[in-house]
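S.K.: This is the structure, below, for whatever I ask next.
The values are calculated or read from the model by the stated rules, or taken from the named source; none is laboratory data. Just so you know, these numbers come straight off a predicted model, no measurement behind them. Neighbour counts are summed over all protein chains in view; Cβ atoms, including those assigned to glycine, are modelled from backbone coordinates with ideal geometry. Note: accessible area is taken over every heavy atom of the protein model, side chains too, but ligands, DNA and RNA are not part of it. Shrake-Rupley method; radii C 1.70, N 1.55, O 1.52, S 1.80 Å.
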Amino acid sequence: MNSRFSFVCQACCTNSQARAGVFSTPHGQVETPRFMPVGTLATVKTVTPQQLQATGAQMILGNTYHLHLQPGEQIVASAGGLHKFMAWNGPILTDSGGFQVFSLSELRKITENGVTFRSPRDGRMIELTPEKSIQIQNALGADVIMAFDECPPYPATREDVELATERTYRWLKRCITAHQRQDQALFGIVQGGVFLDLRQEAAASLTGLDLPGYAIGGVSVGEPPELIEKIVRATAPMLPVEKPRYLMGVGTYREMVQAIAAGIDLFDCVIPTRWARHGTVVVSGERWNLKNARFREDFTPLDESCDCYTCQNFTRAYLCHLVRSREILAYTLLSIHNITELVRFTQRIREAILRDSFTEEFAEWLAPTPSSLEASHVKIYGNS
């Protein structure tokens, strides 16, 4: 691994593959396992950097595709890079833009060279290649950048997934050649859909390239939770123990606990801020809709056990009022709590791993994923 980056494993669980570690980057350390908030357009929606820091967040994400469209990577570079542009001094990861491009199924065309798509912002035609993705990310200046990959949908035929997985490997090698900055760690992405043999072949091919870290992509794209767990459990052990492992686009309690048990270190998801904008919060593993009438005259804190700014200063009744009134402050206060909740949850897991009590303390989340008939009788957030 580049001397500017390192991953140190501090403790391993004796009853699972879970581990606690420290991932060091040029902009600071990330204590793993850790949830990472998503800051798509150089902002975690409705939250200031100071508020974000108070949630316990250490590493956040930016989106290559969206930042390329607006404001453009050259403007970010002229501002001194993404850290200075958004006033966030901690580590940042940028995705490659692959997932966003491939979600534009009716607006894009895939070739071996890359992807051509029509901008949903102004209609112009844009070509995104592995080289262009890396060029954009080099200009943005995040600590960790992701290789450009092809993310097959779910469901997809084995033939289509196999073609996408093989192309992802070829594109990765082009990304490595195009990468120009030593202060950025390039992570490869393991694809393979729901086909475990393709996942394992992809992991073997990618790890042979000795990258600073590896991600599991192409999950949480429509497949049932039990299938996500199966994919992660089969793939994570194939990745190097001395490198950080990142599961892309996952952020529910159950998914994170089960992935951590398989050896995953990092997670990201838009859930905290997206749910906040719909008046939804996570409290003790349950998903609450604050529009509900039961909160209108409830003058207790949102969560008495939570030390976030929202829970320490405001009641459920006030938050219910803000949500019902569609006040912008509601989105900020609920986002602060939701981000704190997810970060704190992974911090608790880390502490349990250090005590070697992870499987005991988080047994309810390690239990087999309930069927759809059983799901209504368990904590909603764990199975959403």
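S.K.: Can Ala236 be described as farther than 16 Å from Phe102 by Cβ, over 17 Å from the mean Cα position of the chain (by Cα) and among the small types (Gly, Ala, Ser)?
M.R.: Values: farther than 16 Å from Phe102 by Cβ: yes; over 17 Å from the mean Cα position of the chain (by Cα): no; among the small types (Gly, Ala, Ser): yes.
The answer is no for Ala236.
S.K.: Now for a separate question. Determine the pairs where a residue that is within 14 Å of Arg174 (Cβ to Cβ), located within the range 137-160, has a partner that is open to solvent by 30 Å² or more (accessible area, probe 1.4 Å) and part of a helix (DSSP H, G or I) with Cβ atoms under 6 Å apart, the partner being 6 or more residues away or on another chain.
M.R.: Glu150/Arg167
S.K.: Another question, then. Please return the ranges of strands (runs of 3 or more DSSP E) entirely within the range 264-370 where 3 or more residues are under 20 Å from the mean Cα position of the chain (by Cα) and farther than 28 Å from Cys12 by Cα.
M.R.: Passing ranges, in order: 280-283.
S.K.: For Leu266, state whether it is open to solvent by less than 10 Å² (accessible area, probe 1.4 Å) and either within 13 Å of Phe345 (Cβ to Cβ) or out of contact with any Pro (no Cβ under 9 Å at 6 or more places or on another chain) (or both). Walk me through how you get there before you give the answer.
M.R.: Numbers: open to solvent by less than 10 Å² (accessible area, probe 1.4 Å): yes; either within 13 Å of Phe345 (Cβ to Cβ) or out of contact with any Pro (no Cβ under 9 Å at 6 or more places or on another chain) (or both): no.
Against the criterion (open to solvent by less than 10 Å² (accessible area, probe 1.4 Å) and either within 13 Å of Phe345 (Cβ to Cβ) or out of contact with any Pro (no Cβ under 9 Å at 6 or more places or on another chain) (or both)), Leu266 does not qualify.
S.K.: Any residue at all in the range 133-143 that is within 19 Å of Leu93 (Cα to Cα), touching a Pro at 6+ places or on another chain (Cβ under 7 Å) and outside any helix (DSSP H, G or I)?
M.R.: Looking through the range 133-143, at least one residue is within 19 Å of Leu93 (Cα to Cα), touching a Pro at 6+ places or on another chain (Cβ under 7 Å) and outside any helix (DSSP H, G or I).
S.K.: Take the range 133-178 and flag every residue that is of a type in the set (Phe, Trp, Tyr) and either in contact with a Cys (Cβ under 7 Å, 6 or more places away or on another chain) or open to solvent by 60 Å² or more (accessible area, probe 1.4 Å) (or both).
M.R.: Here is the first cut: in the range 133-178, the ones of a type in the set (Phe, Trp, Tyr) are 148, 154, 169, 171.
Across the range 133-178, the qualifying residues are Phe148, Tyr154, Tyr169.
S.K.: Related question: Which residue out of Asp160, Asp183 is among the charged types (D, E, K, R) and outside any loop (DSSP other than H, G, I, E, B)?
M.R.: Asp160
S.K.: Here's a follow-up. Can you tell which of Thr116, Thr111, Thr48, Thr94 is closer than 19 Å to Gln191 by Cα and free of Cβ contacts under 8 Å to residues at least 24 places away in the same chain?
M.R.: Thr111
S.K.: Another one. Inside the range 121-132, can you point out the residues that are open to solvent by less than 30 Å² (accessible area, probe 1.4 Å) and assigned to a strand (DSSP E or B)? Spell out the reasoning first.
M.R.: Kept after step one, since they are open to solvent by less than 30 Å² (accessible area, probe 1.4 Å), are these residues of the range 121-132: 123, 126, 128-130.
Those that are open to solvent by less than 30 Å² (accessible area, probe 1.4 Å) and assigned to a strand (DSSP E or B): Ile126, Leu128.
S.K.: Going through the range 231-256 one residue at a time, which ones are of a type outside the set (Val, Ile, Thr), under 25 Å from Val282 (Cβ atoms) and either in a strand (DSSP E or B) or without any contact (Cβ under 8 Å) to a residue 40 or more places away in the chain (or both)?
M.R.: Once the filter is applied, which keeps residues that are of a type outside the set (Val, Ile, Thr), under 25 Å from Val282 (Cβ atoms) and either in a strand (DSSP E or B) or without any contact (Cβ under 8 Å) to a residue 40 or more places away in the chain (or both), the range 231-256 yields Arg233, Arg245, Tyr246, Leu247, Glu255.
S.K.: Also: For the range 305-341, which positions are free of Cβ contacts under 8 Å to residues at least 12 places away in the same chain, under 16 Å from Val47 (Cβ atoms) and open to solvent by less than 60 Å² (accessible area, probe 1.4 Å)?
M.R.: Passing the criteria: only Leu322.
S.K.: Okay, next question. Report, by residue number, each residue of the range 87-120 that is touching a His at 6+ places or on another chain (Cβ under 9 Å) and exposed (fewer than 13 other Cβ atoms within 10 Å of the Cβ).
M.R.: Within the range 87-120, Asn89 is the sole residue that qualifies.
S.K.: Which is more than 30 Å from Pro26 (Cα to Cα) and among the β-branched types (Val, Ile, Thr), of Val144, Val115, Val101, Val190? Please lay out each step first, then the result.
M.R.: Working: Val144 fails: more than 30 Å from Pro26 (Cα to Cα); Val101 fails: more than 30 Å from Pro26 (Cα to Cα); Val190 fails: more than 30 Å from Pro26 (Cα to Cα).
Result: Val115 is the single residue among Val144, Val115, Val101, Val190 that is more than 30 Å from Pro26 (Cα to Cα) and among the β-branched types (Val, Ile, Thr).
S.K.: So which residues in the range 119-132 are under 29 Å from Pro91 (Cα atoms), basic (Lys, Arg) and free of Cβ contacts under 8 Å to residues at least 40 places away in the same chain?
M.R.: Lys132
S.K.: Does Glu286 satisfy the criteria of being open to solvent by 90 Å² or more (accessible area, probe 1.4 Å) and at pLDDT below 95?
M.R.: no
S.K.: Sticking with this structure for a sec: In the range 19-45, what residues are in contact (Cβ under 8 Å) with a residue 40 or more places away in the chain and not in a strand (DSSP E or B)?
M.R.: Listed by number, the residues that qualify are Pro26, His27, Pro33, Gly39, Thr40, Ala42, Thr43, Val44, Lys45.
S.K.: Residues Arg199, Arg181: which one is of a type outside the set (Ser, Thr, Tyr) and open to solvent by 40 Å² or more (accessible area, probe 1.4 Å)?
M.R.: Arg181
S.K.: If I filter the range 86-108 down to residues being part of a loop (DSSP other than H, G, I, E, B), at pLDDT below 95 and of a type in the set (A, V, I, L, M), which single residue comes out as nearest to Ala147 (Cα to Cα)?
M.R.: Leu104
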